[in-house]
Amino acid sequence: MDPNLTKLSKLLDFAADVMDAANIPSPLQQRGAKRHLFMLIVAGHNYSESVFVLCKQGRTHAAHVLLRSLCECLIKSRYLYCNPRLHLWELRLEAFIEKRRHLNGMKGFLASSYSTDAHRANLSIDEVEASLNHLHNSIVYCERSYRNYGGKFNGGEPVIRGVLSKAEYVDRHNSGLNAKSESLAYVYHLVYRQLSSAVHLDGRSFSDFLSWSEDGCETLLSGNPKDVPDVARLALWLYRQLIRQFFSVYRLPHIRRMNIILGAIL
């Protein structure tokens, strides 16, 4: 098995053991930014574990999709703790506003001539409007808190940073503190943006499903085993950074032990 894949397996087991031994409260018992971070850590653990399983099977195409999500987990977790109170409300607003877009799109669909398909699923405009009304109250509450903590608005709408802007903000924040940290903007361009084609399946990614040799072209239905070392190395690095932040925020004295277990990764 690839050495970095072995290390990823060790890190996943180690982090899970630490979580169990630390008796961390359930998410319902946690509050604020700490609870949001915990859920990002849980999501990142799930993504990393799935990448490990897929790489063991050589299924790198699906692993690439999860690798991009893991990258976003890291960027959001670092961004959250640059200004926990303000950025918590921004991340909540981001989720609610995206849900509002989805519900408004569904409402428009139900009002269209294609809505006969929706009736088969027992969907109605009234149900969607009820969800929109409930969501509106949540957004108003979040906007009030976001404004109270210094959040910016443009034309009455909250300013929500995109993934790249979040990464750049973290870099500026760390630079201002003279903190030694890897550039998340670099991670964005190297990993997140690069893997966009794998997620959205534009023409750039089609060549990933083919393997060329002197004998011709082979279709890769299950992935490309040659990509496993690169995927494993990136997944290991991203998950390690995520777990380091988890140990730091929850004040768990395990970072040195983790480094000893894993040794040098990159």
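The values are calculated or read from the model by the stated rules, or taken from the named source; none is laboratory data. None of the values given here were measured: they were computed from a predicted structure. Note that we place each Cβ from the backbone using ideal geometry, even for glycine, and neighbour counts take in every protein chain shown.
Details
- Positions within segment 241-259 being more than 17 Å from the chain's Cα centre (by Cα), at pLDDT 85 or above and assigned to a helix (DSSP H, G or I), in sequence order: 247, 248, 249
- Pairs, first in the same structural domain as residue 144 (by TED's automatic domain parsing) in segment 93-113, second assigned to a loop (DSSP other than H, G, I, E, B), C-beta under 6 Å, six or more apart: 94/160
- Assessment of segment 70-82 against the conditions (closer than 29 Å to residue 191 by Cβ, in a helix (DSSP H, G or I) and touching an Asp or Glu at 6+ places or on another chain (Cβ under 8 Å)) yields no matching residue.
- Of the residues making up segment 1-20, those that are more than 16 Å from residue 46 (Cα to Cα), surrounded by fewer than 16 Cβ atoms within 10 Å (Cβ to Cβ) and modelled with pLDDT of 90 or more are 3, 6.
- In segment 21-35, the qualifying residues are those that are touching a residue at least 24 places away in the same chain (Cβ under 8 Å) and assigned to a helix (DSSP H, G or I), and the one that is surrounded by the fewest Cβ atoms within 10 Å (Cβ to Cβ) is 32.
- Qualifying residue in segment 225-240 (condition: assigned to a helix (DSSP H, G or I), hydroxyl-bearing (Ser, Thr, Tyr) and under 15 Å from the mean Cα position of the chain (by Cα)): yes
- Inspection of segment 155-164 identifies at least one residue that is assigned to a helix (DSSP H, G or I) and either under 30 Å from residue 236 (Cα atoms) or assigned by TED's automatic domain parsing to the domain that holds residue 192 (or both).
- Residue within segment 191-199 that is closer than 30 Å to residue 58 by Cβ, in the same structural domain as residue 56 (by TED's automatic domain parsing) and exposed (fewer than 15 other Cβ atoms within 10 Å of the Cβ) present: yes
- Residues satisfying the stated conditions in segment 55-65, i.e. of a type in the set (A, V, I, L, M, F, W, C) and either outside the structural domain of residue 8 (by TED's automatic domain parsing) or crowded, with 23+ Cβ neighbours inside 10 Å (or both): 55, 63
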